[in-house]
Amino acid sequence: MGLHLLEVKSLVGHLIGWNTNPSSDLDVESRIIEKLHIGGIEVWISETVVNTWIIMAALILIALIFRIKMKNYKYKPEGSQNVIELIIESMDSFVKSAMSEKYAYFGNWFFGVFALILVSNLSGLLGFRPPTADLCTTAAITLTTFVLIHFMGIWTGKGSYFKGYLEPIPVLLPINIISELATPISLSFRLFGNILGGMIIMGMVYMALGNLPSILKIFNIGVPSALHLYFDVFAGCIQTVIFVMLSMTFIKDKIAD
Amino acid sequence: MEGLDPRAFVLGCSAIGAGLAMIAGIGPGIGQGFAAGKGAEAVGRQPEARGTITSTMLLGCAVAESTGIYGLVVAMILLFANPLVGKIAG
Amino acid sequence: MEGYVIILDQHTLVLVAIQLINTCVLCFALSKLLYKPVLNFINARKEKIAEQIDSAEARLSEANALKAEYENKLKNIDAERIQILDEARAQANKNSQLIIADAKTEANNIHNRAMTDIKREEEKARDEIKKQIIEVSAMVSGKFIAANMTEAEQQQLVDDTISDLEGVEWLN
């Protein structure tokens, strides 16, 4: 596995706006680190996959630390307990407000999705290529949402689920099916397009800043950090919330009550 | 058309196509502007419902953004995964 | 090094499958490790707090009921006290009047007794004086008579006189 994974642009460098490693060309590709052949299928282990593993490892490590700390959690919260309780409770109330009290158990699933997307989007700050800037990641996450939408629809609605495709008139069946298929596509493309767009713009800005004449290098201070703040922090957080909220709304719309 | 590398021609046209695809960004821009303006109006009329208005507006903006994102994805495909280059004979 | 931004071929499917597995593993792990335990912890605490609030409310209402009861009692005590005082005053009045009446009758009795005593003493004194007068007169008359008569005649005379006197009422 390539060492370049460790060529992590320093967080401090990004935050104060120093472009530590100006590149001359646009670097938005997800590089293929390893090509495995498993049973005749070529499996690419790309930067996306490796970054996802790093994020997963970090998240599971944090979860384990909190889990171990939870053993001496008290009735009266203090310290780190407040933080984790705030996070979990706001997720719980988010699910309850978007779906309903009855389907609060979806929080178990969407907490993981939320954490994965949020940390992926913010990992651009640390110099990683965000895994969500790859259509494969967003398609995979959206596929689970798609399965959940239709599973819940069939499970709760039974016959009325299939009847829904023939409404308002049976002639609209193909259009209904297309609109059902458009849901996951728009969901995955939205997240992917936002993060990749931000990444491309950041890449172009870095390219431009790297080619500045030395007298204008002063622009290297502050400009990238402001753009990172918008594209990585603001857009990343908003897109995470929107992705999870839309997923939950779509699932709730299909649930026949 | 002699002396013109078909690959270069396809790539150049693809770049123009990508640029044209990004015109799709106008629609969501106007739509989101409308949404934000109406949101501001609503907050001005009912400042106590600020949270609900903001989240509803963000959700609407996100849905309105879809078309723009489709345009962006088409542009990306033309630039980075051009399906037309493979169609060149020879 | 090779790379891709968007690919739409069989590699995409493999990558999607890998990412699908990754997402499922992460969601499962986070749910098992963090979300469920912490949520259970929070819910257990919520229930405990609700329980405590319920019991506190029950106790408060109990205390309020007790307070109302005691206040009622206190008000009643005031009335009772006034009644008791009134009763005691009336009783005392009655008693004092009785005592005064008793004392008056007693005083009357004493007075009467004293008067009878005085009367008796007077009578006694009168008797005494009578006796003495009799004695003196007897003595004087004896001396007079001694010069004129015998002892027997004298005695006869005195007895007659006394028997005469017994019939006569003394003046005062």
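The values are calculated or read from the model by the stated rules, or taken from the named source; none is laboratory data. The shown structure was predicted, so the numbers you read here are calculated from the model rather than taken from an experiment. A quick note on method: Cβ atoms are made from the backbone with ideal geometry, for glycine too, and the neighbour counts reach across all protein chains shown. When the accessible area is computed, the model is the full protein with side chains, heavy atoms only, and any ligands, DNA or RNA have been set aside. Shrake-Rupley method; radii C 1.70, N 1.55, O 1.52, S 1.80 Å.
Quick one: what does P(r) look like for segment C:74-120 with 10 Å bins over all Cα pairs, in whole %?
Here the calculated profile for segment C:74-120 is 25, 24, 19, 15, 10, 6, 1.
P(r) for chain A: what percent of alpha-carbon pairs falls in each 5 Å bin, starting at zero?
1, 5, 10, 13, 14, 14, 13, 11, 8, 5, 3, 2, 0, 0, 0
Hey, what D do you get for segment B:24-83 in µm²/s if you plug the Kirkwood alpha-carbon radius into Stokes-Einstein at 10 °C and 1.306 mPa s?
My calculation gives 125 µm²/s for D.
log₁₀ I(q)/I(0) of segment A:144-208 at q = 0.16, 0.17, 0.22 Å⁻¹, via Debye over equal Cα point scatterers, no solvent, to two decimals?
-0.66, -0.71, -0.94
When chain A is modelled as a GNM with alpha-carbon springs shorter than 10 Å, which of A:A115, A:A58, A:A139 fluctuates the most?
A:A58
With r as the distance between the Cβ atoms of A:I54 and A:V233 and R0 = 25 Å, compute the FRET efficiency 1/(1 + (r/R0)^6) and round to 0.05.
Once the sixth-power term is evaluated, E becomes 0.80.
Once fully extended, how much extra length lies between A:I177 and A:K74, figured as 0.36 nm per residue of separation less the alpha-carbon to alpha-carbon distance?
Working it through step by step, the gained length comes to 31.9 nm.
Roll a 1.4 angstrom probe over the protein heavy atoms and tell me the percent of accessible area of segment A:3-254 that is carbon or sulfur.
72
How much of the accessible area of segment B:24-83, in percent, comes from carbon and sulfur atoms when a 1.4 Å probe is used?
On segment B:24-83, the fraction of accessible area on carbon and sulfur atoms equals 70 percent.
Just the C-alpha atoms of the protein assembly as shown: what Rg/Rh do they give, with Rh taken as the Kirkwood radius?
That ratio is 1.80, to two decimals.
I need the semi-axes of the equivalent ellipsoid of chain C: take the C-alpha gyration tensor, multiply each eigenvalue by 5, square-root it, list largest first in whole angstrom.
After scaling each eigenvalue by five and taking roots: 141, 15, 9 Å.
Would you mind giving the mean number of other chain beta-carbons within 10 Å of the Cβ of each residue in C:38-44, as a whole number?
6
In whole Å, what three semi-axes, largest first, describe the equivalent ellipsoid of segment C:96-162 built from its Cα gyration tensor (square root of 5 times each eigenvalue)?
Listed largest to smallest, the semi-axes of segment C:96-162 are 50, 9, 4 Å.
Please list, ordered by chain and number, the residues whose modelled amide H lies under 5 Å from the amide H of A:S46; skip anything fewer than 5 residues away on the same chain.
Residues meeting the amide H criterion: A:I33.
In Å and on Cα atoms, what radius of gyration and Dmax does segment A:49-197 show?
When restricted to Cα atoms, segment A:49-197 yields Rg and Dmax of 19.1, 62 Å.
Subtracting the Cα-Cα distance from 0.36 nm times the residue separation, let me have the gained length for C:K119 to C:S55 in nm, one decimal.
Taking C:K119 through C:S55 to full extension adds about 14.0 nm, to one decimal.
If each of A:F219 and C:Q91 carries a label point 7 Å out from its Cα toward its Cβ, how far apart are those two points in nm?
Between A:F219 and C:Q91, the label points sit 10.9 nm apart.
Among A:86-92, B:76-82, how do they line up by average Cβ neighbours within 10 Å per residue, starting with the highest?
B:76-82, A:86-92
Please give every one of the lysines within straight-line cross-link reach of A:K102, meaning a C-alpha to C-alpha distance under 25 Å, and leave out same-chain neighbours fewer than 8 residues apart.
A:K158, A:K163, A:K252, A:K254, C:K32, C:K36, C:K46, C:K48
Can you give the calculated 222 nm mean residue ellipticity of the protein assembly as shown, where each DSSP H run of n ≥ 4 adds -39,500 (n - 2.57) and the sum is split over every residue, rounded to the nearest 500 deg cm²/dmol?
-25500 deg cm²/dmol
Hey, in the GNM for chain A with a 10 angstrom Cα cutoff, which one of A:K71, A:K96, A:K217 fluctuates hardest?
Of A:K71, A:K96, A:K217, the Gaussian network model singles out A:K71 as fluctuating most.
Relative contact order of chain A, please, whole-number percent, based on alpha carbon pairs below 8 angstrom and at least 6 residues apart.
Taking the mean separation of contacting Cα pairs over the length of chain A, I get 31 percent.
Say we join alpha carbon atoms closer than 10 Å with springs in a Gaussian network model of chain A; which of A:R31, A:R190, A:R67 then has the biggest fluctuation?
Among A:R31, A:R190, A:R67, the largest GNM mean-square fluctuation belongs to A:R67.
Over segment B:24-83, calculate the relative contact order: mean separation of alpha carbon pairs under 8 Å at least 6 apart, over the residue count, as a percent.
Across segment B:24-83, relative contact order equals 52 percent.
When all C-alpha to C-alpha distances in segment B:48-90 are sorted into bins of 10 Å, what percent of pairs does each bin hold, rounded to whole numbers?
For segment B:48-90, the pair-distance distribution reads 24, 26, 22, 15, 9, 4, 1.
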